[in-house]
Amino acid sequence: MRHSVLQRLSRWPALARILAVMLILAAVWLPFAIPIYAYVSDPDWVSILSMLVLYAEFVAIVRLWGRWVHNEPRSLQRYGVVWTRANAIELGRNLGLGWAIVIFAFSLQTLCGWVTWQTLPSTLGRIVIEGGAIAIAVASAEELVFRGWIWDELHRDYRKAIALPLNAIIFAVLHYLRPLDLIRSTWPQFFGLVLLGLLLGWTKRIGRDRLGGSIGLHGGLVWAYYVVTVGQLLDYTGTAPEWITGIGGNPLAGAIGLVLLTGVGVVLAQQARSLRDTA
């Protein structure tokens, strides 16, 4: 009886199902998050503990959601979490691609005289290792949410031509929940996030719905940017406006980054289309 009632939710529109899971997640997360924010004094540990609880609860909820609502006993595998050699290869290869995109963007700005590189810090090794761990963790969590669960819900209701850009827009919107004044000052980042969402979606298609490739590309971008910024490896000369070099020092949030992401996107879209045509 309980399952038959829950399975009626599968007939809800995709966006309503997505909102329902988010509300359930918020309801079960807040009783744990409130004590963490109230009694843990270190802000770093507040962030770590609250996010660990949130992610663990999310995984548990979507597994139950898949089983009870969609009658899908292997939700994580359906989302692309598979332990295969191909997935591992795509993860490693696209980590390199993410690094290459960031390095190319900063190299181009160096040639234009917009940035200057600084002396390598003695802590660079620690920063690289730390950044890699953070990047893989962040990318794994976000890709399971966006190119895993949300991707699956959208593809149950919409054609691929609609589901992919809709997924990218949701990705950008949920990353852009911030104060209005900050939205106004950083609005070019929104288009960069939409483009990034499209790239990650095409990457998943190229990987035949495995998540390794999109985790790798996402993680490589985060990792490289983390090393450059935390390591304070460069300074902006101020000879070009931020809307060209990147809002807040993010090279993918300016004109250079948008053009670069567009170029990479054209290549990935063509690869995804060729794979579809030969399938």
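Please find, within segment 35-50, the residue that is modelled with the highest pLDDT out of those that are among the aliphatic types (A, V, I, L, M) and assigned to a helix (DSSP H, G or I).
ILE36
Hey, does segment 11-34 have a residue that's assigned to a helix (DSSP H, G or I), modelled with pLDDT under 90 and not assigned by TED's automatic domain parsing to the domain that holds LEU199?
yes
Looking at segment 66-78, is at least one residue under 19 Å from the mean Cα position of the chain (by Cα), farther than 30 Å from ARG208 by Cβ and part of a helix (DSSP H, G or I)?
No: segment 66-78 contains no residue that is under 19 Å from the mean Cα position of the chain (by Cα), farther than 30 Å from ARG208 by Cβ and part of a helix (DSSP H, G or I).
Going through ALA141, ALA137, ALA172 one at a time, which residue ends up being closer than 30 Å to LEU234 by Cα and touching a residue at least 40 places away in the same chain (Cβ under 8 Å)?
ALA141
Condition check ((1) farther than 19 Å from GLU153 by Cβ; (2) out of contact with any Gly (no Cβ under 7 Å at 6 or more places or on another chain)) across all residues:
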| site | (1), (2) |
| --- | --- |
| TRP45 | yes, yes |
| LEU52 | yes, yes |
| HIS70 | no, yes |
| ARG74 | no, yes |
| GLY80 | no, no |
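Answer yes or no as to whether ALA38 is out of contact with any Ser or Thr (no Cβ under 6 Å at 6 or more places or on another chain), loosely packed, with under 15 Cβ neighbours inside 10 Å and not basic (Lys, Arg). First the steps, then the outcome.
Details: out of contact with any Ser or Thr (no Cβ under 6 Å at 6 or more places or on another chain): yes; loosely packed, with under 15 Cβ neighbours inside 10 Å: yes; not basic (Lys, Arg): yes.
For ALA38, the condition - out of contact with any Ser or Thr (no Cβ under 6 Å at 6 or more places or on another chain), loosely packed, with under 15 Cβ neighbours inside 10 Å and not basic (Lys, Arg) - is met.
Suppose the filter is assigned to a helix (DSSP H, G or I) and within 21 Å of ILE247 (Cβ to Cβ); does GLY113 pass it?
In short, no.
The conditions are (1) out of contact with any Leu (no Cβ under 9 Å at 6 or more places or on another chain); (2) closer than 29 Å to LEU217 by Cα, and ASN71 fails exactly one of them. Which is it?
With respect to (1) out of contact with any Leu (no Cβ under 9 Å at 6 or more places or on another chain); (2) closer than 29 Å to LEU217 by Cα, ASN71 is out only on (2).
For residues that are in a helix (DSSP H, G or I) and surrounded by 12 or more Cβ atoms within 10 Å (Cβ to Cβ), tally how many sit in segment 116-125. Full working, then the answer.
Applying the first criterion (in a helix (DSSP H, G or I)) to segment 116-125 yields 124-125.
Now restrict to residues that are surrounded by 12 or more Cβ atoms within 10 Å (Cβ to Cβ): 124.
Matching residues across segment 116-125 total 1.
Residue under question is GLY98, and the condition is that it be in contact (Cβ under 8 Å) with a residue 24 or more places away in the chain, surrounded by fewer than 19 Cβ atoms within 10 Å (Cβ to Cβ) and either outside any helix (DSSP H, G or I) or not polar (S, T, N, Q) (or both); does it hold? Spell out the reasoning first.
Numbers: in contact (Cβ under 8 Å) with a residue 24 or more places away in the chain: yes; surrounded by fewer than 19 Cβ atoms within 10 Å (Cβ to Cβ): no; either outside any helix (DSSP H, G or I) or not polar (S, T, N, Q) (or both): yes.
When the stated conditions are applied, GLY98 does not pass them.
At pLDDT below 95 and either within 19 Å of ASP209 (Cα to Cα) or touching a Lys or Arg at 6+ places or on another chain (Cβ under 7 Å) (or both), is that true of ARG159?
Here the answer is yes, as ARG159 does meet what is asked.
Are any residues in segment 164-211 surrounded by fewer than 20 Cβ atoms within 10 Å (Cβ to Cβ) and among the polar types (S, T, N, Q), and if so, which ones?
SER185, THR186
The values are calculated or read from the model by the stated rules, or taken from the named source; none is laboratory data. Values in this document were obtained by computation on a predicted structure and should not be read as measured data. Neighbour counts run over all protein chains shown; Cβ positions are idealised from the backbone, glycine included.
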